[in-house]
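The next block holds one structure in the form of structure tokens; read it before the comments.
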Amino acid sequence: MSKNHRILNVSRGFTLKHGQAVKAIGNCACAWVEYGVSIRDLTIAEAITARNEQARIAEPLPLAELPGLVVRNLPHYSDELELATTANKFAFEAV
């Protein structure tokens, strides 16, 4: 499909570029009426539902090491490893 043509927003009656339409759909602000031809604005309830579905589908982010914290997988570092794991889970859930 050519990305040089304009997409009609039927809710507000103006046209926009294909990339802008894709971005609006990715931001859960619009939905395709007819793919590649026209879009419509989502209501607040539809946008919330679409955003929740998008978040549910997205893979969870991996637990990353905290900056500056180095933990080695040695038996005498098991307490530090447990603390680092707990800290990573806390930091992940806080985001």
What nm distance separates the two modelled labels at Ile57 and Ala94, each placed 7 Å from Cα along Cα→Cβ? 3.1 nm
Contour minus Cα-Cα span, Ser11 to Glu82, at 0.36 nm per residue, comes to 20.2 nm
What are the residues whose amide H is under 5 Å from the amide H of Ile39, where those residues sit 5 or more places off or on another chain and H is modelled from the backbone? Leu8, Asn9, Val10, Val33
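Roughly speaking, what is the stretch gain from Thr49 to Trp32, that is 0.36 nm per residue apart minus the C-alpha to C-alpha distance, in nm to one decimal?
Numbers: separation 17, 0.36 × 17 = 6.12 nm, distance 1.55 nm.
Roughly 4.6 nm would be gained on extension.
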In Hz, Karplus ³J(HN,Hα) per residue of region 9-24 (6.51, -1.76, 1.60; θ = phi - 60°; x = Gly, Pro): 8, 6, 6, 10, x, 10, 10, 8, 6, 4, x, 5, 5, 4, 5, 5
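Read the figures in this text as sums done on the coordinates, not as results from a lab. Computed from a predicted structure; not experimentally measured. Neighbour counts are summed over all protein chains in view; Cβ atoms, including those assigned to glycine, are modelled from backbone coordinates with ideal geometry.
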